[in-house]
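For reference, the structure is listed below as C-alpha cells.
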C-alpha cells in the first residue's frame with residue numbers, strides 16, 4: 001500500500017516525463033524531416049493543394065525512363081506543368097459539376113480504332129458492340145487483376161481528357177464574334193492610307209551619348225511589374241576552358257593513321273620474332289583490320305552520296321574498288337576509307353498521300369467508304385499528274401498519314417522492303433517522276449517517286465583526335481590557376497589577362513542549360529545553394545573541359561534581373577533619351593522644313609494598312625501608321641516616337657474599303673481565331689489567378 005501511495009503521489013511527475021519524451025520524439029522527427037513547414041514532404045502547392053514530393057519524384061523518374069533523351073530537368077518541368085494543370089482544371093470541373101458518365105466514356109472509347117475496329121468487340125454486322133466490350137471488361141476484372149488495374153488507370157486518363165475537352169467546348173461555345181468585330185477586322189485589312197514622311201533613326205545618336213543607370217532601369221520595371229515579372233534568378237558569369245587537342249596532338253594522330261596506310265613491323269610475343277603487317281589497302285581481312293585499328297567498328301551499310309561527309313563527298317563516292325582515300329578529318333576523327341562495293345538504287349525518296357477508309361489499318365479513324373477513298377485517290381492522282389509541283393501541298397491538305405503530313409508526304413532514305421509490298425513494288429519498280437495509285441492495308445496511296453540513290457559501302461578506320469595527357473594536364477593547370485586568381489582578383493580582369501572569354505548568363509532555379517556549353521545542371525544548383533554567396537567562384541570539371549563560374553548577383557525581387565533588363569529595358573530607355581535629342585534637330589512645321597534642317601529625305605509610303613503597318617524600307621511602325629490614318633488628307637502630324645526613330649507624317653489620302661453586303665466570312669474567321677486561342681488563354685488565366693508555390697529547387 002505504501003508503494004501504491006508513493007506512485008500516486010508521483011503520477012504527475014511520471015506524466016510529465018512521458019509527455020516530455022513524446023515531445024522530444026516528435027520534435028526530433030520534425031527536425032529530421034526538415035522542420036515544421038510542409039515543404040519537407042511536398043514539392044509545392046497550388047491554391048493550397050499540396051503536391052506530394054514522393055509521388056512527384058516517382059512520376060519524374062517514370063518520365064525519364066520512358067522518354068528517350070529526356071533529362072531530369074526536362075522531366076521535372078513537364079511533370080510540374082501536368083500537376084499544376086491537373087489541380088487547376090480539377091477545381092474548375094468541380095465548380096461546374098463536370099463529369100463523364102459511363103455511357104459517355106463508352107462513346108469516347110468507340111472513337112478509338114483500337115476498340116472500334118477490334119474484331120473481338122464487333123457484332124455480326126461489323127459494328128462495335130457495347131455488350132461484348134462490357135463482357136471483356138468483366139472478364140479481366142475477375143481473372144486478371146493487374147490488367148484490370150491498368151485498365152482503370154487508362155479509363156481515368158480517358159475520362160480526364162474527355163472532361164477537359166467538354167470544358168473547353170463549353171468555353172469555345174461561349175466565344176462570340178459580332179458583326180462589328182468582323183467589320184473592324186475587314187477594315188483593318190482593307191482600308192489603305194498613302195502618306196509622306198520624314199524620319200531620323202535612333203541610330204543617328206550614338207549609344208555613348210545617352211547613359212542609362214541601373215536605378216532608371218529598376219524604376220521603369222517597377223512601373224510595369226507585370227511586364228517584367230520574373231522568377232528568382234541568379235546572374236552568373238563563367239569561363240569555359242575546353243579540353244581540346246593541341247596542334248601537336250593532331251599532328252601525332254595524323255602520323256599514327258598515316259602509318260596504317262603502309263605495312264608496318266611489329267613484335268610477336270608468341271614467336272618472339274618481328275612480323276610485317278600489311279597496310280589498310282593490302283589487308284586481306286578488311287573488317288578485322290578496321291575493328292583492330294579503329295575507334296569506330298566496321299559498318300557494312302550502303303551509304304548514299306548525299307549522306308557522305310560533305311567536304312570529302314566526291315572523292316569518297318568515286319573511289320575505285322579497293323582504293324583508299326585519306327587521311328581526312330570528319331567529326332573530330334582522322335579517317336581512312338576503303339571502297340568495298342557499290343549498289344545502284346540502294347535507297348529512294350518518295351512522297352505519298354494516304355487516303356484511308358473505314359476498316360483499313362490506318363492510324364486515324366475516318367468515316368469514308370472504300371469506294372469513296374478510291375475515288376478521292378484517283379482525283380488527287382489526276383491533280384498531281386497535271387501539276388507535279390503541287391504534290392507537297394496536296395499531301396499536306398489531304399493525307400491521312402500524320403507521320404509525313406508536315407513534310408509534304410515525303411519519306412527519304414527508304415530502303416527496299418521497308419514499306420509494305422505494294423508500296424515497295426511501285427517505288428522500286430518505277431522510274432523517278434512516276435506518279436500512281438496503289439492499295440495497301442492502310443488505304444489508297446497516291447505515290448510519287450522523287451529520287452533514287454546509288455550507294456557505296458566503305459570500310460573506315462577512324463581515330464578520335466583527343467588531347468594527350470600532357471595537353472590535358474596543361475588545360476587543367478590553366479583552369480585551376482584561373483579559379484585561384486579569380487577568387488582573389490576581379491573575375492573579368494583575370495579572364496582578360498589569360499585571354500579567356502567571359503560568358504554572362506541569367507538562370508532560374510530549374511534551368512539546366514548555359515549558353516555555349518549546354519547542359520550544366522551542377523552549376524545552376526551551386527548558384528542556388530543557400531551556402532553560395534554573391535561573388536563566390538567555383539570550378540566544375542567535365543569531359544568537355546572546365547567551367548569556372550562566379551555568382552554576380554542573387555535576384556529575389558520578383559522582377560527581371562538587371563542582366564536581363566539591360567538587354568530588354570535599357571534599349572527602350574536609350575531610345576527615349578535619343579528621341580529627345582533627335583526632336584531638337586527636327587525643327588519645322590512641315591516635312592520640307594524638317595527635311596531642310598536635318599538633311600533627311602521626304603519619302604512616300606503608299607497603300608499601308610493597319611493590319612500590316614509596314615513602312616517601306618523602315619519596318620513595322622504601328623504608331624506612325626495609326627497616326628497617318630487619324631489625320632485628314634493634307635494634314636501634318638507632330639513628331640512621333642516610333643519603333644525605329646522619330647517621324648513626322650503628312651497624310652495624302654485614306655482609301656476606305658467598300659462596305660460588304662455580308663460579313664459572315666469575317667465573322668467565321670475571327671471566331672475561329674478566338675476559339676483557337678482558348679486553350680492557351682484559359683490555362684494562362686488560371687495560373688495568373690492561382691497561388692502557386694514551387695519548392696522543387698529544395699529537392700534537387
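The values are calculated or read from the model by the stated rules, or taken from the named source; none is laboratory data. It should be emphasised that the depicted structure is a prediction, and the values quoted were computed from it without experimental measurement. Positions of Cβ are generated from backbone atoms using ideal geometry, with glycine treated the same way; all protein chains shown enter the neighbour counts.
Within segment 591-605, track down each residue that is surrounded by 16 or more Cβ atoms within 10 Å (Cβ to Cβ) and out of contact with any helix residue (DSSP H, G or I) (no Cβ under 8 Å at 6 or more places or on another chain). Correct list: 591, 594, 595, 603. On the basis of being surrounded by 20 or more Cβ atoms within 10 Å (Cβ to Cβ), under 30 Å from residue 538 (Cα atoms) and more than 33 Å from the chain's Cα centre (by Cα), does residue 444 make the cut? No, not satisfied.
Is there a residue in segment 594-616 that is in contact with a strand residue (DSSP E or B) (Cβ under 8 Å, 6 or more places away or on another chain), without any contact (Cβ under 8 Å) to a residue 60 or more places away in the chain and over 17 Å from residue 192 (Cβ atoms)? Scanning segment 594-616, I find no residue that is in contact with a strand residue (DSSP E or B) (Cβ under 8 Å, 6 or more places away or on another chain), without any contact (Cβ under 8 Å) to a residue 60 or more places away in the chain and over 17 Å from residue 192 (Cβ atoms), so the answer is no.
Screening segment 569-590 for residues that are free of Cβ contacts under 8 Å to residues at least 24 places away in the same chain and assigned to a helix (DSSP H, G or I) and picking the one that is surrounded by the fewest Cβ atoms within 10 Å (Cβ to Cβ) gives 584. Among the residues of segment 654-676, those that are surrounded by 13 or more Cβ atoms within 10 Å (Cβ to Cβ) and either touching a helix residue (DSSP H, G or I) at 6+ places or on another chain (Cβ under 6 Å) or not in a helix (DSSP H, G or I) (or both) comprise 654, 657, 660, 663, 666, 667, 670, 675. Kindly evaluate residue 638 against the criterion of being farther than 22 Å from residue 182 by Cβ, part of a loop (DSSP other than H, G, I, E, B) and modelled with pLDDT of 95 or more. For residue 638, the condition - farther than 22 Å from residue 182 by Cβ, part of a loop (DSSP other than H, G, I, E, B) and modelled with pLDDT of 95 or more - is met.
Identification of helices (runs of 4 or more DSSP H) wholly contained in segment 348-408 with 3 or more residues that are touching a strand residue (DSSP E or B) at 6+ places or on another chain (Cβ under 6 Å) and surrounded by fewer than 21 Cβ atoms within 10 Å (Cβ to Cβ) yields 370-386. Residues in segment 307-336 that are over 18 Å from residue 454 (Cα atoms) and surrounded by 15 or more Cβ atoms within 10 Å (Cβ to Cβ): 324, 325, 326, 327, 328, 329, 330, 333, 334, 335, 336. Take the conditions (1) surrounded by fewer than 16 Cβ atoms within 10 Å (Cβ to Cβ); (2) not in a strand (DSSP E or B); residue 454 misses just one of them, which is (2).
When residue 184 is tested against (1) within 30 Å of residue 633 (Cα to Cα); (2) surrounded by fewer than 16 Cβ atoms within 10 Å (Cβ to Cβ); (3) assigned by TED's automatic domain parsing to the domain that holds residue 591, only condition (3) is not met. Checked across segment 52-64, the condition of being in a strand (DSSP E or B) and either without any contact (Cβ under 8 Å) to a residue 12 or more places away in the chain or surrounded by 13 or more Cβ atoms within 10 Å (Cβ to Cβ) (or both) holds for at least one residue. One residue stands out in segment 513-528 among those that are touching a residue at least 60 places away in the same chain (Cβ under 8 Å) and surrounded by fewer than 18 Cβ atoms within 10 Å (Cβ to Cβ): the one that is farthest from the chain's Cα centre (by Cα), namely 525.
When residue 531 is tested against (1) in contact (Cβ under 8 Å) with a residue 60 or more places away in the chain; (2) surrounded by fewer than 19 Cβ atoms within 10 Å (Cβ to Cβ), just one condition goes unmet, and that condition is (1). Identify all residues within segment 413-434 that are crowded, with 18+ Cβ neighbours inside 10 Å and part of a loop (DSSP other than H, G, I, E, B); write none if there are none. Within segment 413-434, 419 is the sole residue that qualifies. When segment 614-659 is filtered for residues that are under 19 Å from residue 601 (Cβ atoms) and more than 44 Å from the chain's Cα centre (by Cα), the ones remaining, listed by number, are 636, 637, 650, 651, 652. Residues in segment 307-330 that are within 16 Å of residue 463 (Cβ to Cβ) and touching a residue at least 60 places away in the same chain (Cβ under 8 Å) were compared, and the one that is farthest from the chain's Cα centre (by Cα) is 324.
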